[in-house]
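Here's the structure, in structure tokens; my notes come after.
Just so you know, all these numbers are worked out from the coordinates, no wet-lab data involved. Owing to the predicted nature of the structure, the values given are computational and were not obtained by experimental measurement. Because the Cβ atoms are built from the backbone with ideal geometry, glycine has one as well, and the counts that use them run over all protein chains shown.
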Amino acid sequence: MSRETLRIPGPTPVPPEVVAAMGREMISHRGAEFRAFYLELLGLARRAHRTEGDVLIWPGSGSAGWESVVVNLFSPGDQVLATVCGDFGHRFAGVAETFGLDVERLEVPWGRAITPGAVGEALARRPGTKAVLVAYNETSTALTNPLPEIAAVVREHGALVVVDAVSAAGGLPLETDAWGLDVVLSGSQKAWMCPPGLLLMAIGPRAWAAHETARFPRFFWDWTAARRQAEQGMTPTTPPLSLLFGLDAALRMISQEGIEVTWARHATLGELVRVDLLGRGLRLFPDPDYASNTVTGFRPPEGIAARAVVAAVRERHGIALEAGKGAIVDSVVRLGHMGWVHEPEMRLALDAIGESVEWLVAASPPVPAATTGAGIREFG
């Protein structure tokens with residue numbers, strides 16, 4: 001199998017230090033060695049989330065965190081506000097609806113951000129709303145929502161702030177306590193620099209209070225059981241030891257770099273990517289004021305499908321990109337730049353994109369501008 005360089009929005013490349021750590025011998029997950037290791041790992045996770053509260057870890061994906069949130073915070077019929085500016089916000093709302101919550105969707109066109117004002121207006125219309133669900137970084141549209149400002153408005157209305165930070169945590173500024181975030185969920189396979197398979201959840205005091213009255217049945221996802229075990233350096237079920245060893249190594253790398261330096265590195269890479277793509281005559285998909293620093297979405301030239309760009313870059317350069325999702329699958333290309341990635345790797349990817357796009361344009365007949373991009377807001 002030929003090796004492919006991953007520049008998709010996750011899974012992301014895994015550092016050699018993490019790969020080596022995952023090769024450790026197995027140990028007893030009920031022994032003293034594991035307990036000491038796990039308590040230290042949870043401390044690293046708390047520091048990376050900038051919280052004095054609990055961070056719990058389960059086997060699972062970031063998407064599993066949506067279900068964990070619903071069954072641990074709510075009861076049937078509870079009112080929630082789901083903010084939707086892309087595919088992942090849409091799916092989070094769908095999970096809440098599946099469990100019978102009374103979900104109001106605050107939807108904006110893909111490529112636009114959720115605004116604090118719109119959130120405040122929606123909450124004013126439904127004063128009984130228990131929580132607001134928000135994707136900090138909407139991976140499908142490569143857009144970062146103004147989370148600190150949104151969180152402040154939500155708390156003014158007495159609702160819980162529940163954050164999907166799957167493509168944000170570890171790459172974008174995240175101040176769980178200072179911003180008043182009640183739940184922050186993420187997966188191991190993005191800026192945390194690990195393979196897929198771990199769900200991380202930061203849970204604050206207001207979320208624990210809501211958990212006490214939640215009436216959905218739960219067993220595997222039960223927060224109380226997980227916290228009780230975590231306090232003793234244990235887990236409720238057999239943990240994926242190799243993944244935990246890898247996460248420990250990754251969090252130590254982030255700690256050594258310094259979390260603020262890590263955030264700044266991602267900001268520098270995000271700006272580099274945007275400037276480069278614009279300089280090549282390509283257009284960003286999201287509102288530039290809210291463009292993500294962990295993933296960039298751009299439009300191919302008129303008449304070139306996004307999936308054609310993805311295929312050309314893979315076949316000609318061995319680099320994996322990803323097309324958009326849903327309605328924008330053939331109009332947006334997504335380029336990941338989160339986790340273990342630095343400027344030289346990104347410049348190679350950008351040159352590969354530029355060469356492949358030029359090749360596709362040269363091989364394609366001209367297409368009238370009016371035939372493409374119908375119904376999609378233009379920012380670039």
Task: Mean separation of Cα contacts under 8 Å, 6 or more apart, over the residue count of the chain: relative contact order % - done: 23
Open item on the list: Need one number: nm distance between label points at Arg228 and Glu260, each 7 Å from Cα along Cα→Cβ, rounded to one decimal.
Closed with: 4.1
Open item on the list: I'd like the antiparallel share, as a percent to the nearest 5, of DSSP beta bridges with both residues in the stretch 17-257.
Closed with: 45
- [ ] Take the Cβ-Cβ distance between Arg35 and Glu4 as r, set R0 to 22 Å, and report the resulting FRET efficiency rounded to the nearest 0.05.
- [x] 0.05
Task: Under 12 Å, Cβ to Cβ, from Pro116 - net charge with Lys/Arg +1 and Asp/Glu -1 - done: -2
Open item on the list: Less than 10 Å Cβ to Cβ from Val18, Lys/Arg counted +1 and Asp/Glu -1: what total charge do the surrounding residues give?
Closed with: -1
TODO: Find how much the distance from Glu25 to Arg47 grows on full extension, using 0.36 nm per residue of separation minus their present alpha carbon separation; answer in nm with one decimal.
DONE: 5.2 nm
Task: Model label zone, Arg252; criterion: amide N under 13 Å from point 7 Å along Cα-to-beta-carbon; scope the stretch 155-179 - done: none
Task: Of Leu350, Leu200, Leu133, the one that fluctuates the most in a GNM where the chain has Cα springs shorter than 10 Å - done: Leu350
Task: Ascending count of other beta-carbon atoms within 10 Å, so fewest first, for Lys130, Lys190 - done: Lys130, Lys190
Open item on the list: Using only the Cα atoms of the stretch 49-122, what are the Rg and Dmax in Å?
Closed with: 13.7, 37
Open item on the list: Taking θ = phi - 60°, what integer Hz values does the Karplus form 6.51 cos²θ - 1.76 cosθ + 1.60 yield along the stretch 227-236, in sequence order, with x for Gly and Pro?
Closed with: 5, 4, 6, 4, 4, 9, x, 9, 10, x
TODO: Treat the chain as a sphere of radius equal to its Kirkwood radius over Cα pairs and apply Stokes-Einstein at 25 °C in a medium of 0.890 mPa s; give the translational diffusion coefficient in µm²/s, rounded to a whole number.
DONE: 115
Open item on the list: Given the DSSP H assignment, sum -39500 (n - 2.57) over each helix run of at least 4 residues in the chain and divide by its residue total; what's the result at 222 nm in deg cm²/dmol, nearest 500?
Closed with: -13000 deg cm²/dmol
Task: Whether the stretch 1-116 is rounded, prolate or oblate, judged on the alpha carbon gyration tensor where a/c under 1.5 counts as rounded - done: oblate
Task: Net charge of Cβ neighbours under 11 Å - reference Arg50; Lys, Arg +1; Asp, Glu -1 - done: -2
TODO: Starting from the amide H of Leu106, placed 1.01 Å from N in the peptide plane, find each other amide H under 5 Å away whose residue is 5 or more places distant or on another chain.
DONE: Ala82, Thr83, Val84
Task: Estimated FRET transfer efficiency when R0 is 41 angstrom, pair Arg215-Thr268 (beta carbons, to 0.05) - done: 0.30
Task: Spacing of the two label points (7 Å from each Cα toward its C-beta) at Glu121 and Val329, in nm - done: 3.3
Task: Residues whose placed amide H lies under 5 Å from that of Arg126, excluding near-sequence neighbours - done: none
